[in-house]
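The values are calculated or read from the model by the stated rules, or taken from the named source; none is laboratory data. What you are looking at is a predicted structure, and each value in this text was computed from that prediction instead of being measured. Reconstructed Cβ throughout: ideal geometry from the backbone, glycine too, with neighbour counts over all protein chains shown. Quick note on the areas: whole protein, heavy atoms, side chains included, nothing else; ligands and nucleic acids left out. Shrake-Rupley method; radii C 1.70, N 1.55, O 1.52, S 1.80 Å.
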Amino acid sequence: MAPQLSSTKTQLRNIWGEKRLVGICLFIALAQFQYGYDSAAVSGFQSMPGFLAVFGYADPTNPIGYNLTTQVQTLLQSLISVGAFVSCLIIFKFGGQISPRSGLWVASLLGAVSIAIQIGSDHIAALYVGRVLLGLSNGFYSTYSVVYIGESAPAYLRGAVIGMVAFQIYFGSLIGILVDNYTHVYAGQKSYQIPLGVMFAIPIIISIGLLFLPETPRHYVATNQEDRAAEAIRRLRGVRDDSQLGEEVAIMKTSWLEEVESHSSVHVLDAFRGTDLRRTLLTISAALAQAATGMLFMSHFSVYLFVQAGVGKPFTWVTVSLGIALSGTILSFPGVRFFDRRHLLIGCSLVNFAVLLAISIVYTVALGTSAAGKCMIGLSCIFVWMYGFGQAPVLWALQTELASQRLRSQTVGFAQGCTFAASWVSSYCSPYFINPEALNWGPKYFYVWAGSNFILAIFVFFWMPETRGRSLEQIDELFDKKVPARRFKRYVTDLQQTDTDDYMAEKPEVEKVETV
């Protein structure tokens, strides 16, 4: 017990020693604040009379007196996914030529233009154009923020700091719904223009902050700038030991050269060849799993769903649920640090399977009752907390960890494109299930998401490898040797690095396995 306690204290001291990097990663993760804020704000717009009076129609049968046509509702949420998907295709094709910082600057420019268009016009076509451009911005933000964090953080912190992406998404959602809660009572267009205007802060803050940050060390290594790579580690992490700097850069360089030598040229289709095929498919699976959790649906339609389910004060209850979810993301920082990725993902997926199934059953047998409304509120809070604690941070971390160094931007970009494509399908189809003028399933639609969470848990158990505590170079070795997924955890790699966990050494039952 004493050695374990001592190890925990050592790890906590290491985390405190990297406080500069933690702060920088929290800033880079701010890129995802835009996505969370917009999702929550636009979810609120669908139940905001000031917005519906401009883009919807009067409906005396609806609890708030207005409604959106199914077509407008589907395009409002799905067009942003179309834009994001297009940006990810661009990254897949040209990602190797775009540095992480440059990608974030492109996202900031697109974001500012899209916000201005959505505020400046009351024409539905302008709204649609603005949604597509904001989607382009989100695609660049989501890809290059996780690439920057993943390539900058040491192995023992990587999962935790990438989990800050989920924190910023939830924090953005909370702020978005809070702003909506205060402006939805305003008459006219300012009820939705004010929430949109608040979003200008994100591209402005990020654009200015990036001026003071370097590119990632691995980007400099890939462009034969070893001195700048060492300086980047020094600036990002505060490392002063020249020997440690030299060792880390040398390992990065060796791993990079081995990848380059084994592949005479870098082509985007390499992602679907040899050992990279497995890595690409797993990265795409981790990205698609974000949609499979049901959280994308919940973020897009939470307020509307609460209104249709007869839940009183829907803005207030969505705000409460997001506040609870935020506590989950805060606890995910130590959670992802000290628990295996596979255990967290399987456990949280099974819990959410049970939660969403319970919501669906309650609304099947007790539709329209106050008890059903209370049940939905309570279970929804559990659902979003479990997602924020285990599913979101692990899935974001896996997307960065599973891709190879030379194809990381392209692979993560393509995987994010798949996520946005799945999000588009969900956003486009969901209104036909939940809207009263269509199938009118309401909360019974959660039957679908309960099933997808169960499938996710099964998939992770059989096929998703354990990457906690491994450096990116060690993960390269594991894939090159074709180590089976369920043996990743105990396989002793030839490469040992100073920035990796010592938890492997604490367990004597390590093994060398035959590759397949």
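What to note about this one:
- Total residues in region 196-209 satisfying the condition of being under 21 Å from the mean Cα position of the chain (by Cα), closer than 16 Å to Leu134 by Cα and among the aliphatic types (A, V, I, L, M): the figure is 4.
Okay, residues lined up against (1) more than 19 Å from Ile455 (Cα to Cα); (2) surrounded by fewer than 20 Cβ atoms within 10 Å (Cβ to Cβ); (3) under 17 Å from the mean Cα position of the chain (by Cα); (4) at pLDDT below 80:
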residue	(1), (2), (3), (4)
Gly294	no, no, yes, no
Leu305	yes, no, no, yes
Asp340	yes, yes, no, no
Leu344	no, no, yes, no
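- Selection of region 411-445 for residues being open to solvent by less than 50 Å² (accessible area, probe 1.4 Å) and in a loop (DSSP other than H, G, I, E, B) yields Asn435, Ala438.
- Filter pass, Asp59 being more than 26 Å from the chain's Cα centre (by Cα), farther than 18 Å from Gly417 by Cα and not polar (S, T, N, Q): yes
- Test result for Val448, within 30 Å of Ala371 (Cα to Cα), part of a helix (DSSP H, G or I) and β-branched (Val, Ile, Thr): yes
- Counting only residues that are farther than 23 Å from Leu26 by Cα and of a type in the set (A, V, I, L, M), region 161-195 holds 3 of them.
- Residue list for region 362-383, restricted to those being touching a Lys or Arg at 6+ places or on another chain (Cβ under 9 Å) and surrounded by fewer than 20 Cβ atoms within 10 Å (Cβ to Cβ): Thr364, Leu367
- Selection count, region 58-83, where residues are part of a helix (DSSP H, G or I) and either among the acidic types (Asp, Glu) or touching a Leu at 6+ places or on another chain (Cβ under 7 Å) (or both): 2
- Criterion: more than 21 Å from the chain's Cα centre (by Cα) and either modelled with pLDDT of 95 or more or not hydrophobic (A, V, I, L, M, F, W, C) (or both) - qualifying residue of Asn440, Asn453: Asn440
- Residues that are in contact with a Lys or Arg (Cβ under 6 Å, 6 or more places away or on another chain) and open to solvent by less than 10 Å² (accessible area, probe 1.4 Å), drawn from region 468-487: Phe479
- Taking region 158-195 as the range and being crowded, with 24+ Cβ neighbours inside 10 Å, more than 21 Å from Lys313 (Cα to Cα) and over 13 Å from the mean Cα position of the chain (by Cα) as the test, only Arg158 passes.
- Residues that are touching a residue at least 24 places away in the same chain (Cβ under 8 Å) and either of a type in the set (Ser, Thr, Tyr) or in contact with a strand residue (DSSP E or B) (Cβ under 7 Å, 6 or more places away or on another chain) (or both), drawn from region 164-182: Tyr170, Ser173
- Scanning region 169-192 for any residue that is among the polar types (S, T, N, Q) and under 17 Å from Ser207 (Cα atoms) turns up nothing.
- Boolean, Gln474 is closer than 25 Å to Val221 by Cβ and modelled with pLDDT of 80 or more: yes
- So Ile330, is it in contact (Cβ under 8 Å) with a residue 40 or more places away in the chain and open to solvent by less than 20 Å² (accessible area, probe 1.4 Å): no
- Sub-7 Å Cβ pairs linking a first residue in region 467-495 that is of a type in the set (D, E, K, R) to a second residue that is assigned to a helix (DSSP H, G or I) and at pLDDT 90 or above, at least 6 apart or interchain, are Arg468/Arg341, ordered by first then second residue.
- For region 89-105, the criterion of being within 24 Å of Phe297 (Cβ to Cβ) and in a loop (DSSP other than H, G, I, E, B) is met by none of the residues.
- Region 196-212: number of residues that are touching a residue at least 40 places away in the same chain (Cβ under 8 Å) and surrounded by fewer than 14 Cβ atoms within 10 Å (Cβ to Cβ): 1
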